[in-house]
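Each value in this text was obtained by applying a stated rule to the coordinates, not by laboratory testing. Quantities reported herein were computed from a predicted structural model and do not represent experimental measurements. No Cβ is skipped: glycine too gets one built from the backbone with ideal geometry, and neighbour counts run over all protein chains shown.
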Amino acid sequence: MPKVVVIGAGIVGTSLADELTARGWPDVTVVDRGPLFATGGSTSHAPGLVFQTNASKTMTAFAKYTVEKFNALEHPDGWAFNPVGGLEVATTPERLADLHRKAGWAQSWGVEGRLLTPAECVSLHPLVDRDRILGGFHTPADGLAKAVRAAEAQARRAEARGATFRPHTEVLGIVEDGRRVVGVRTADGVIDADIVVCAAGFWGAQFARQVGLVLPLVPMAHQYARTGQIADLVGRNTDLAEAGLPILRHQDQDLYFREHVDRLGIGSYSHKPMPVDMATLMADTAGEPMPSMMPFTEEDFAPAWRAAADLLPALKDSKVEEAFNGIFSFTPDGMSIMGEHRELAGFWVAEAVWVTHSAGVARATAEWIIDGAPSIDTHECDLYRFEDVARSPNFIMQTSSQAFVEVYDVIHPHQYRTALRGLRTSPFHARQTELGAHFYEGGGWERPAWFESNAALAEQLFDDVLTAPRRDSWASKFWSPISVAEAHWTREHVAMYDMTPLTRYEVAGPGAAAFLQRMTTNNVDKSVGSVTYTLLLDHTGGVRSDLTVARLAPDTFQVGANSPMDFDWLSRHKPDDVVLRDITGGTCCLGVWGPSARDVLAPRCPDDLSHEAFKYFRAIHTYLDAIPVTMMRVSYVGELGWEIYASAEYGSALWDLVAEAGTPHGIIPAGRIAFNSLRIEKGYRSWGTDMTAEHHPAAAGIDFAVRLAKDTDFIGKQALLQAKPPASVLRSIVFDDADAAVLGKEPVFVDGVCAGYVTSAGYSATVGRTIAYAWLPSPVAVGDVVSVHYRGAPYTATVHAEPVVDPEMTRIRR
Ligand code: FAD
Ligand code: THG
């Protein structure tokens with residue numbers, strides 16, 4: 001049996017010990033520097049509010065499991081979970097509308113919830129001032145976790161199965177044999193270990209540096225205060241129950257509330273970000289009860305108190321009695337950090353985890369360690385989701401601070417980071433700026449969403465042939481009707497798209513072909529010049545990514561990938577005779593697509609670009625005028641055309657060349673919104689949004705990329721052979737109302753019952769409707785009518801055969 005050492009006996013470490021031992025791994029030692037189980041970490045003082053509903057399906061699933069598990073825990077002192085329910089109130093129209101959106105997430109992810117009138121809110125929570133609120137959202141299964149009890153109850157269960165808990169034992173270092181962990185070093189000596197899990201809470205980032213690992217988290221102080229006795233609460237709660245009113249969120253003022261018998265606890269995010277300096281932490285917390293508590297800074301709390309008393313008038317006769325600035329972790333994207341160190345096998349992390357998500361994170365980590373993969377999708381929490389740029393201290397600090405400020409804000413799904421923009425720009429950036437590009441940010445890259453230079457063209461098209469959808473103020477944020485014209489023009493004429501941010505690797509060496517055959521599902525061992533669409537699966541058959549693999553030389557492949565996690569996965573499996581290199585930044589890529597693409601490019605290219613000479617899904621190395629390029633006849637927008645790759649120094653010359661060659665054909669630059677709508681029309685999935693490792697290829701509708709019959713065994717093949725037919729499948733749905741817009745994650749109803757959810761969507765210029773992907777029960781058939789609730793309003797849509805546009809592939813193969 002593998003020996004596991006868990007660093008940290010907070011809510012995460014104890015829960016993990018429970019999950020590991022429950023799966024038949026008894027040899028687990030949990031060590032903590034502090035006493036058990038009030039160790040002094042964040043868990044020891046967490047007020048334990050558990051709101052399950054989250055924009056992220058994964059985080060919601062983590063929270064649901066925490067609630068389910070904690071409800072069933074037993075502790076001699078009383079409850080570990082008190083399901084008082086959760087209530088979020090709105091004091092602005094924007095928030096009220098957003099609560100409808102949130103209610104949609106709850107439906108999509110299976111959390112019971114209901115929107116309430118102000119009167120209903122007050123009858124649930126009589127302290128709330130009826131006149132201050134416009135409505136609320138109530139989730140009856142939410143509640144309070146007694147975090148230290150929950151930790152102890154889980155620890156005792158783990159102990160009964162063989163686990164050991166060692167208080168007052170600081171882990172000073174990791175013992176390794178070069179590539180693997182073999183133990184942890186403490187003042188009392190070494191504890192042997194095959195696996196070490198860092199669950200050290202906000203100390204984790206500092207600790208992980210010892211083993212060369214950057215954990216993008218920032219320890220931040222957050223204020224929590226308890227009032228004195230409140231007359232209206234006297235007699236309501238027994239000492240044992242502590243609370244009966246729902247936990248309350250007043251997000252417009254960055255506040256949350258819970259009862260402590262006849263007192264109220266108030267948490268505030270309304271203060272400035274207060275990152276904690278780990279170098280002076282010991283001194284800064286010296287006079288406090290715990291090393292995770294900073295002295296209370298009263299002046300930072302003053303506005304929070306006024307806002308609290310404004311919502312809850314009963315507070316006016318009270319005051320703060322006890323308060324502290326508690327420390328916990330913030331990350332650049334608000335998600336946890338999970339996974340195994342790539343360069344040090346056996347070193348795992350489970351970090352930046354709220355009490356709310358703790359049991360879910362622990363379960364997924366245990367599954368990952370024992371079974372090789374978690375049973376639910378965790379890519380949003382993956383240790384290797386971060387681009388290199390996102391691991392710099394400056395980036396981590398600035399983005400995590402922004403995440404703190406925005407923690408309760410209404411965040412639009414297309415709202416992009418404002419901190420640290422302009423870091424990664426393609427060689428086309430200067431030209432794009434001149435053309436009035438509106439930039440989105442993705443993976444640190446500046447990506448044009450649409451171009452103001454196309455405004456006049458759009459106006460003209462809307463006068464003549466096109467109709468612009470009428471979008472409400474929410475759906476038209478970070479959006480422009482110009483994108484509709486750009487998409488239309490691509491289908492009718494030709495457009496150029498900046499594909500530089502598309503992650504690409506060179507896979508080279510004598511073992512390259514065999515390696516890619518084993519890693520991916522399709523047959524990539526084809527002639528030089530072939531391009532293959534293929535999948536990376538995990539061992540359970542889940543889709544980790546979809547790739548294009550171009551064979552540029554017998555032993556050299558160019559792989560078009562999706563995220564740093566692909567690099568991570570390939571690196572972990574790579575034999576020594578294969579070299580894997582990320583070539584994204586040193587190269588650039590321009591997509592030139594549309595019926596006129598050949599007419600634009602052929603006159604500038606010495607090679608024959610005719611359909612017969614340069615077939616679909618082939619690649620060649622050639623020239624455009626004097627510029628050396630690799631041209632790939634691939635089109636994610638589903639049109640005739642090429643991805644043109646060049647070394648970065650040729651980038652601006654390449655842009656100018658194509659723009660000039662395209663002028664007689666009316667070429668335009670086009671942005672991400674048009675791009676997205678075209679790929680949805682064409683039935684192409686976007687990994688991470690439409691499909692994840694939670695889905696098998698057949699469910700996601702991409703099993704055409706799986707060659708079960710190929711000679712080489714590939715990762716995931718056995719799992720696919722044993723798989724049952726999927727219970728739900730990804731479908732294209734087309735809205736009936738030309739003005740209906742959805743943005744993603746909306747619940748989908750079949751026969752009045754919520755049966756699935758939207759993944760991505762775009763307005764299709766070709767069919768004049770919004771098209772969306774949705775996960776739906778597999779019996780739902782083409783032609784069936786469904787209803788999608790967008791911020792509370794129902795819109796009907798029809799399940800459509802795929803692809804919606806050009807099923808015969810005549811546009812691409814010509
Ligand atoms: P911790 O509980 O901090 O445990 C980590 C443990 O690791 C500590 O016990 C520490 O002693 C130990 N350790 C560290 N380094 C070493 C080492 N080298 N050797 C040995 N041991 C080590 N979350 C919610 O879900 N709901 C809330 O309402 C909520 N409210 C909060 C309010 C405040 C004021 C604060 C500060 C946080 C709140 N949180 C809340 C967040 C939550 O408390 C934390 O995210 C969570 O408790 C973290 O759990 P953990 O097990 O990862 O870390
Ligand atoms: N271009 C390149 N690589 C990529 C993408 C890309 N890698 C990541 C991501 N995008 C992969 N996604 C797709 C999805 C569909 C197609 C290409 C990349 C595609 N599919 C055709 C189809 O389904 O009809 C071809 C299928 C086949 O012949 O097997 O074109 O945008 N370089």
**Prompt:** To the nearest 500 deg cm²/dmol, what mean residue ellipticity at 222 nm is calculated for the chain from DSSP H runs of n ≥ 4 alone, each contributing -39,500 (n - 2.57), summed and divided by the residues?
**Reply:** -7000 deg cm²/dmol
**Prompt:** Using 0.36 nm per residue, how much length does the chain from E68 to D129 gain when fully extended, once their Cα-Cα distance is taken away?
**Reply:** 18.7 nm
**Förster-model FRET efficiency, 35 Å R0, R236 and A160, C-beta, rounded to 0.05** = 0.45
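Let me have the relative contact order for region 35-169, percent, based on Cα pairs under 8 Å that are six or more residues apart.
Reported relative contact order: 35 percent.
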**Message:** Cut-off is 10 Å between beta-carbons; in what order do M632, M290 appear when sorted fewest neighbours first?
**Reply:** M290, M632
**Prompt:** So for the pair Q415, S778, with labels modelled 7 Å out along Cα→Cβ, what separation do we get in nm?
**Reply:** 4.0 nm
**Inter-label distance for R226 and A279, nm, one decimal - labels placed 7 Å from Cα along Cα-to-Cβ** = 3.6 nm
**Asked** When a footprinting reagent is the concern and you count Cβ atoms within 10 Å, what order do H488, H493 take, fewest first?
**Response** H493, H488
**Asked** Which one of V600, F567, G586 has its Cα pushed farthest toward the positive end of the charge dipole of region 556-605, where Lys and Arg give +1 and Asp and Glu give -1 at the Cβ?
**Response** V600
**Asked** By the gyration tensor of its Cα atoms, with a ≥ b ≥ c the square roots of the eigenvalues, what is the shape of region 241-380: rounded for a/c under 1.5, prolate for a/b over b/c, or oblate?
**Response** prolate
**Asked** Each residue of region 57-63 in turn: what ³J(HN,Hα) in whole Hz from Karplus with 6.51, -1.76, 1.60 and θ = phi - 60°, glycine and Pro shown as x?
**Response** 4, 5, 5, 5, 5, 4, 5
**Asked** In whole Hz, what ³J(HN,Hα) sequence does region 708-713 give by Karplus (6.51, -1.76, 1.60; θ = phi - 60°), x for Gly and Pro?
**Response** 4, 8, 5, 4, 7, 6
**Message:** Explain nothing, just the number: relative contact order of region 471-577, from Cα pairs under 8 Å at least 6 residues apart, as a whole percent.
**Reply:** 25 percent
**Complete:** Taking the alpha-carbon centre of each part, the distance from region 153-195 to region 1-38 in Å is 8 Å
**Request:** Would you grab the residues whose amide H sits under 5 Å from the one on M496? Only those 5+ places off in sequence or on another chain, please, with H modelled 1.01 Å from N.
**Result:** I668, A670
**Request:** For region 566-637 and region 511-559, compute the distance between their C-alpha centroids and round to whole Å.
**Result:** 15 Å
**Prompt:** Relative to the first principal axis of the alpha-carbon coordinates of the chain, what is the inclination of helix 358-371, with its axis defined by its Cα atoms, in degrees from 0 to 90 and to the nearest 10?
**Reply:** 60 degrees
**Request:** For region 690-814, give the magnitude of the charge dipole about the Cα centre (Cβ charges: +1 Lys/Arg, -1 Asp/Glu; no others), in debye to the nearest 20.
**Result:** 320 debye
**Asked** Of A390, H414, S400, whose Cα points farthest to the positive end of the dipole of region 387-426 (charges on the beta-carbon: +1 Lys, Arg; -1 Asp, Glu; origin at the Cα centre)?
**Response** A390
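Placing unit charges on C-beta atoms (Lys and Arg positive, Asp and Glu negative, everything else neutral), compute the dipole magnitude of the chain about its Cα centre in debye, rounded to 20.
So the magnitude is around 980 debye.
Rounded if a/c is under 1.5, else prolate if a/b is larger than b/c, else oblate: which is region 394-488, with a ≥ b ≥ c the root eigenvalues of its Cα gyration tensor?
Oblate is the answer for region 394-488, as a/c is 1.5 or above yet b/c matches or exceeds a/b.
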**Fill in**
With the label point 7 Å along the Cα-to-beta-carbon line of T689 and a cut-off under 13 Å to each amide N, the hits in region 719-756 are 742-746
**Request:** Would you work out which of A765, A801, H789 lies farthest towards the positive end of the dipole of region 746-814? Charges go on Cβ: Lys and Arg +1, Asp and Glu -1.
**Result:** A765
**Prompt:** By how many degrees, between 0 and 90 and to the nearest 10, does the Cα long axis of helix 298-311 differ from the longest principal axis of the chain?
**Reply:** 90 degrees
**Asked** Long-range amide H contacts for M274: which residues qualify at under 5 Å (H placed 1.01 Å from N, peptide plane, sequence gap of 5 or more or a different chain)?
**Response** A221
**Chain lengthening between E299 and V528 when straightened (0.36 nm per residue, less Cα-Cα)** = 75.6 nm
**Request:** Apply the Karplus parameterisation 6.51 cos²θ - 1.76 cosθ + 1.60, with θ equal to phi minus 60°, to every residue of region 506-518 and state each ³J(HN,Hα) to the nearest whole Hz, in sequence, with x for glycine and proline.
**Result:** 9, 10, 9, x, x, x, 4, 5, 5, 4, 5, 5, 6
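Can you tell me the relative contact order of region 770-814? Whole percent, Cα pairs under 8 Å, sequence separation 6 or more. Present the calculation step by step, with values, prior to reporting the outcome.
Numbers: 27 pairs, mean separation 12.3, N = 45.
Answer for region 770-814 is 27 percent.
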**Prompt:** To one decimal place, what orientation-averaged projected area in nm² is obtained for the convex hull of the Cα set of the chain?
**Reply:** 34.3 nm²
**Prompt:** When I620, I583, I247 are ordered from fewest to most other Cβ atoms inside 10 Å of their Cβ, what list results?
**Reply:** I583, I620, I247
**Prompt:** What FRET efficiency do you get for D177 and E94 if R0 is 56 Å and r is their Cβ-Cβ distance, rounded to the nearest 0.05?
**Reply:** 0.50
**Message:** Could you tell me the calculated FRET efficiency between Q722 and A514, based on Cβ-Cβ distance and R0 = 22 angstrom, to the nearest 0.05?
**Reply:** 0.35
**Asked** How would you classify region 664-781 from its alpha-carbon gyration tensor, with a ≥ b ≥ c the square roots of the eigenvalues: rounded for a/c under 1.5, else prolate if a/b is greater than b/c, otherwise oblate?
**Response** oblate
**Request:** Report, ordered by chain and residue number, the aspartates and glutamates lying within cross-link reach of K710, taken as a straight Cα distance under 14 Å and ignoring same-chain residues fewer than 8 apart.
**Result:** D525
**Request:** With both partners inside the chain, how many of the DSSP beta bridges are antiparallel, as a percent to the nearest 5?
**Result:** 85 percent
**T117 paired with E660, simple spin-label distance in nm, labels 7 Å along Cα-to-beta-carbon** = 7.0 nm
**Message:** Helix 93-109 against the longest principal axis of the chain: what's the angle in degrees, Cα atoms only, rounded to the nearest 10?
**Reply:** 80 degrees
